[in-house]
1. What net charge is computed for the residues neighbouring residue 47, neighbours being all others with C-beta under 14 Å from the C-beta of residue 47, Lys and Arg scored +1, Asp and Glu -1?
2. Three principal axis extents, largest first, for the C-alpha atoms of region 125-233, in Å?
3. Which angle from 0 to 90°, rounded to the nearest 10, does the C-alpha axis of helix 171-201 make with the longest principal axis of the chain?
4. Amide H to amide H, which residues 5 or more places from residue 217 or on other chains are under 5 Å from it, using H placed in the peptide plane?
5. In terms of modelled amide H atoms, which long-range or inter-chain residues lie less than 5 Å from the amide H of residue 287?
6. From the P(r) of the chain, can you give the percent of Cα pairs sitting at distances over 41 Å?
7. Going by the alpha-carbon gyration tensor, a ≥ b ≥ c the square roots of its eigenvalues, is region 127-346 rounded (a/c under 1.5) or, if a/c is not under 1.5, prolate (a/b greater than b/c) versus oblate?
8. Which shape class applies to region 339-489: rounded if a/c is under 1.5, otherwise prolate when a/b exceeds b/c and oblate if not, where a ≥ b ≥ c are the square roots of the Cα gyration tensor eigenvalues?
Amino acid sequence: MTEAGYRDPEGVWRRLRAAREGAAFRLAGERGARLVERLVPRALALAARAPRPEAALARTLEVLEAIAGRTAYLALLDEHPPALAELVRLCGASPWVAALLARHPLLLDELLDARALLEPLRGERLREALAAQLEGVDAGDTESVLEALRHFKDGAVLRVAAADLDGRLDVAEVGEALTEIAEAVLERALAAARAHLERRHGPPLCGAGRRRREAGFAAIGYGKLGGRELSYTSDLDLVFLHDSAGGREATRGPRRIHNQEYFARLGQRLIHLLTAQTLSGSLYAVDVRLRPQGGAGLLVSGLDAFAAYQREEAWTWEHQALVRARPVAGAPTVAEGFRRIRHEVLTRPRDPEALRREVAAMRARMRRELDRAPPGRVHLKHGPGGIVDVEFMVQYAVLRWAGAHPSLTGHTGTLPLIEALAEAGVVGADEADVLRRGYRACLAKVQRLTLEGEDPVVDAGVLADERGAVAALWRAWMEAGDEGGAELR
């Protein structure tokens with residue numbers, strides 16, 4: 001065992017005995033037991049080649065235990081040695097991926113084609129694959145639709161993780177790929193929610209005479225979703241808007257209701273579809289607290305009401321959130337209306353010193369509440385010089401300078417905004433490099449820690465140079481008042 005590459009032979013033998021004597025393998029049945037007897041020695045040999053053999057073997061055994069009662073999956077691995085090799089490789093590289101495969105054995109089919117596994121579907125190919133997944137599924141059977149969406153999402157995310165672990169995607173590409181998956185699922189979930197409502201109430205109409213039209217609804221993505229920067233564990237930050245206006249705002253169908261009620265039910269139905277627990281879990285966690293008035297506000301706002309709130313009542317931190325917001329699903333008319341409002345709000349004149357104080361105060365509050373790193377450790381997201389410091393500085397710069405440089409409103413992602421700020425001459429080349437390098441380094445480390453099943457709290461020496469440079473820039477921009485951040489002016 002030692003010669004094979006294992007550092008703890010006794011521990012390996014104990015784990016193998018525990019698996020052999022455990023309920024999963026004992027209850028596998030005669031055929032299952034034969035398959036397990038063939039698979040375990042092969043897994044033992046394959047795991048020995050992994051950087052951490054014991055971990056690779058333990059996680060592989062957990063997957064085999066999870067599927068022991070399903071001989072079809074055991075047979076798949078037995079009959080396709082490359083699939084077993086890929087399973088061991090992924091288990092060795094990531095406990096997060098191993099847990100995903102153990103929870104959803106259907107994903108083992110993805111291991112049959114190693115080339116396809118390492119090439120995540122993007123753009124139109126992704127949407128075509130989702131359409132194929134839903135073909136033949138009864139649109140009226142909510143549970144079947146959700147199971148199909150969940151299986152598609154998990155398979156698509158597995159491909160991204162496999163390519164990420166293989167070094168084929170950089171940190172920005174991972175975020176973009178995961179965001180595209182969420183958008184595709186969100187579009188289908190919204191279509192299903194709308195179809196459900198229209199079967200009962202008909203379409204929502206507004207206006208009178210020749211101007212009578214169908215009212216639109218859109219989901220606006222904020223945060224990581226809006227910035228095309230989703231991680232493997234991100235929630236979806238959503239705000240819902242509609243463009244119903246004019247007389248006779250009501251549905252046309254068997255059970256007529258006012259459009260405001262229709263859209264409220266549509267938003268609730270969409271959230272339900274995204275968060276409902278099925279046999280294979282939920283699609284996404286959803287956060288809708290960024291809507292006007294937060295938890296006390298309407299779930300779905302009209303465009304006019306949203307515009308008035310942003311102009312007259314929104315706090316600075318809400319305008320910061322607007323920097324990263326964009327339409328992700330729904331009616332093009334509502335999407336365009338949102339873009340106009342966002343552009344107007346972001347380009348309005350602001351008092352630079354008041355803006356600096358308000359952004360810095362909100363950052364200090366967040367750090368007090370969220371940076372729980374113990375002494376000698378640092379939180380890569382919330383700690384000094386971490387991800388949120390970069391995001392806040394970028395949002396501050398956009399709010400300060402978008403009036404003079406309206407092109408800044410054409411971006412929502414942190415990295416594209418850094419480039420846009422540099423191109424506009426708002427930040428110097430050296431400052432842009434500090435922001436870019438710090439953000440990419442911390443984000444890449446957090447993504448890798450997620451795949452390794454670890455929290456983003458690390459020893460203080462990790463990425464110390466990158467974080468130190470960001471922290472120094474934060475002090476110059478956000479704490480020095482009129483004496484610092486000369487290049488930002």
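1. Computed value for this residue: +3.
2. Each principal axis gives a Cα extent; for region 125-233 these are 59, 31, 22 Å.
3. For 171-201 against the chain, the angle is about 70 degrees.
4. 331
5. Here 236, 237, 238 satisfy the definition.
6. Cα-Cα pairs of the chain separated by over 41 Å account for 30 percent.
7. It is oblate, given that a/c is not under 1.5 and a/b is not larger than b/c.
8. It is prolate, given that a/c is not under 1.5 and a/b is the larger ratio.
Taken together, the values in this text are just the output of simple stated rules run on the coordinates, not laboratory data. Computed from a prediction, not measured in an experiment: that's the story for all the values here. Positions of Cβ are backbone-derived with ideal geometry, glycine not excepted, and every protein chain shown enters the neighbour counts.
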